[in-house]
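Notes to accompany the following structure.
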Amino acid sequence: MTDLQSAPTPVVLDVTGTDIAGEAARLRELGPLVPVVLPGGIRAWAVTDADLVKDLFVDWRVSKDAHRHWPDFVAGLVPPDWPLISWVSVRNMFTAYGTDHQRLRRLVGPAFTARRIDLLRPQIRRIVTELLDGLAARPAGAVVDLREEFAAQVPLRVITALMGVPTDLRDGLRVCVGEIFSTAPHRDPRVTFAEMVDILTTLVARRRAEPGEDMTSLLIGHRDDGDRLSEEELVHTLLLMISAGYETTVNLLDQAVCQLLRRPELLVRLRAGRISWSSLVEETLRWAPPVANLPLRYAVVDIDVAGRRIKAGEAVLACFAAANRRSHGSDADDFDPARPSNEHLSFGYGPHYCLGAPLARLEAGIALPALFHRFPDLTLAVAPEALEPLSSFVAHGHRSLPVRLSADSGR
């Protein structure tokens, strides 16, 4: 059995995310379990096969708790300014293992029941309508960054309303979330993490003083009334919910709009009812997952899989961009919302399956048809190849999405 240290020359992942799809294809060609190098020279196993991802995600021998099961982290070999430090050092349900994970997930779960998510539908419609009204007021022919002014604003307003985040804290949170998702950040990750914690601590203080019906107030109640989570877990849970509820949906909307503008024939089929908007959303999630590679998991004991040995304590990276295409045959690289099955792993699998998946689907299912109904002649303002990717092998989107609205600006 080949382990991580004796494996052939590992693939050094591109921290700038220049060609996520191409890198995923190269990893797939190397097999279901590939040794890779993360920023800072840290090694991990990249899992590129969907079935293997599922197997490992439900295996008790695989943990997300770096504090318990990643010896390099515990020994201080992972530097505090490592670009992915926020992904592994936090203490919330994203990184929890076993009974700790179950406890934390039970506390958050009530915010994401089907009934509670459906109750958000009118509010999401109002948010989308207000944003589209604002875009419609632009001069005819104006170039608009649709990522910034629509794709980002929809989930930002939804998640901050759900969490009870005041308007004056939004911009700071957005900057921090963008830095956390970058694998080539513009500033020291320690500064970002400290600023994020400071903003969320301010949020907690305000909601303690003036509780509401929001999720932050609910979690504070769990903390203060029953001591069911620590203060650190409270703040880190807010970090998880706000960052995951924002950035991933931005990228989903960004990628879906981009694919439709590159393939106008799909819009014709959508408007004729030959393709559903939900199928478009699922195909976008499959073809361009909002999180291309998800850090990190760790082997609790030695695990022999796919002719390799993942030794206890070795890190594992889930490559959704690779795994989502491996199981879809010869046309897996085609963007086809009408394919018979567009199964994907973009929301994870097993105990850590994303609680916010129904909310992301609802937001996209409302925002996308409304956008193209209001602006039926929407076009890219630059050549598709001129769109710049985010500086990340985690976040899968564009730095901006310049478009021209319809000739009458949607009036």
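The values are calculated or read from the model by the stated rules, or taken from the named source; none is laboratory data. Predicted, not measured: the structure shown is a model, and the values here were computed from it. All Cβ positions, glycine included, derive from the backbone under ideal geometry; neighbour counts span all protein chains shown. Ligands, DNA and RNA are excluded from the accessible area calculation, which covers all protein heavy atoms including side chains. Shrake-Rupley method; radii C 1.70, N 1.55, O 1.52, S 1.80 Å.
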For this session: Work out Dmax and Rg for region 246-296 from the C-alpha atoms and quote the Rg first, both in angstrom.
Result: 12.0, 43
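Nearest 0.05, what FRET efficiency do residue 383 and residue 105 give at R0 = 45 Å with Cβ-Cβ as r? It would help to have the intermediate numbers written out before the result.
Values: r = 44 Å, r/R0 = 0.98.
Between residue 383 and residue 105 the formula returns 0.50.
Please list, by residue number, every one of the GluC sites (Glu not before Pro) in region 143-219 that is coil in DSSP and has at most 14 other beta-carbon atoms within 10 Å. Numbers along the way, then the final one.
On the way: sites: 148, 149, 179, 195, 213; in loops: 213.
Loop-located and lightly packed - 213.
Share of region 63-124's accessible area from carbon and sulfur, percent, 1.4 Å?
Details: 1590 of 2870 Å².
Answer for region 63-124: carbon and sulfur cover 55 percent of the accessible area.
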Exercise. In a GNM of the chain with a 10 Å cut-off on Cα contacts, which of 243, 341, 400 has the highest mean-square fluctuation?
Worked result: 341
Exercise. Once the dipole of region 308-400 is set up with Lys and Arg at +1 and Asp and Glu at -1 on Cβ about the Cα centre, which of 345, 365, 380 lies farthest towards its positive end?
Worked result: 345
For this session: Distance between Cα centroids, region 344-375 to region 122-147: provide it in whole Å.
Result: 20
For this session: Take the alpha-carbon positions of the chain, form their convex hull, and give its projected area averaged over all directions (one quarter of the hull surface) in nm².
Result: 19.6
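Where does region 327-411 land on Rg(C-alpha)/(2.2 N^0.38 Å)?
Numbers: Rg = 16.4 Å, N = 85, 2.2 N^0.38 = 11.9 Å.
My calculation over the Cα atoms of region 327-411 gives 1.38.
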For this session: Take the chain, connect every pair of alpha-carbon atoms lying under 10 Å apart with a spring to form a Gaussian network, then pick out the residue of 288, 256, 209 with the largest mean-square fluctuation.
Result: 209
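Take each complete run of DSSP H in the chain, measure how far its Cα atoms stretch along the helix's own axis, and keep only those covering 27 Å or more with mean Kyte-Doolittle hydropathy at least -1.0; list them.
Long hydrophobic helices here: 189-209, 231-262.
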For this session: Any chance you could check the Cα centroid distance between region 178-236 and region 19-68 for me, in angstrom?
Result: 29
For this session: Mind pulling up the Rg/Rh value for region 110-219? Radius of gyration and Kirkwood radius, both on Cα.
Result: 1.02
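With the contact rule set at Cα under 8 Å and sequence spacing of 6 or more, what percent relative contact order holds for region 35-183? Working shown, then result.
On the way: 73 pairs, mean separation 27.4, N = 149.
Computed over region 35-183, the figure is 18 percent.
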For this session: Take region 1-131, drop everything but the C-alpha atoms, weight them equally and run the Debye formula without solvent; then report log10 I(q)/I(0) at 0.12, 0.14, 0.19 Å⁻¹ to two decimals.
Result: -0.70, -0.89, -1.20
Exercise. Suppose every K and R has +1 on its Cβ and every D and E has -1 on its Cβ; what is the size of the dipole of region 200-246 about the Cα centre, in Debye to the nearest 20?
Worked result: 120
Exercise. Tell me, what is the per residue accessible area of region 245-366 in Å², probe radius 1.4 Å?
Worked result: 33
Problem set entry | Gyration tensor verdict on region 276-362 (Cα atoms; rounded if a/c is under 1.5, prolate if a/b is larger than b/c, oblate otherwise) | oblate
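Please work out how much length the chain gains when fully extended from residue 148 to residue 338, using 0.36 nm per residue of separation minus the C-alpha to C-alpha distance, in nm with one decimal. Before the final figure, lay out each step's value.
Values: separation 190, 0.36 × 190 = 68.40 nm, distance 2.90 nm.
Length difference between fully extended and current span is 65.5 nm.
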Seminar exercise, completed: Largest-first semi-axes in Å of the equivalent ellipsoid built from the Cα gyration tensor of region 120-159 are 20, 12, 5
For this session: Name the residues whose placed amide hydrogens come within less than 5 Å of the amide hydrogen of residue 38, ignoring near sequence neighbours (fewer than 5 apart) on the same chain.
Result: 43, 44
Exercise. Within region 141-237, which trypsin sites (Lys or Arg not before Pro) sit in a loop by DSSP and count at most 13 neighbouring Cβ atoms inside 10 Å?
Worked result: 187
Exercise. What residue among 272, 44, 140 shows peak mean-square fluctuation when the chain is described by a Gaussian network model with Cα springs under 10 Å?
Worked result: 272
Exercise. In region 35-103, what trypsin sites (Lys or Arg not before Pro) fall in a loop by DSSP, with at most 13 other Cβ atoms inside 10 Å?
Worked result: none
For this session: Might you tell me the accessible area per residue for region 132-227, computed with a 1.4 Å probe and given in Å²?
Result: 42
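So what is the relative contact order for the chain, in percent, with contacts set as C-alpha pairs under 8 Å and at least six apart?
Working: 668 pairs, mean separation 119.7, N = 411.
Contact order relative to length: 29 percent.
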Exercise. Relative contact order, percent, of region 287-411 when contacts are C-alpha pairs under 8 Å separated by at least 6 residues?
Worked result: 24
Exercise. Near the amide H of residue 305, under 5 Å away, which other amide H atoms are found, from residues 5 or more places off or on another chain, if H is placed in the peptide plane?
Worked result: 310
Exercise. Within the accessible area of region 136-262, what % is carbon and sulfur when the probe is 1.4 Å and the other protein chains stay in place?
Worked result: 51
Seminar exercise, completed: Plugging the Cβ-Cβ distance of residue 186 and residue 137 into 1/(1 + (r/R0)^6) at R0 = 35 Å yields, to the nearest 0.05, a FRET efficiency of 0.60
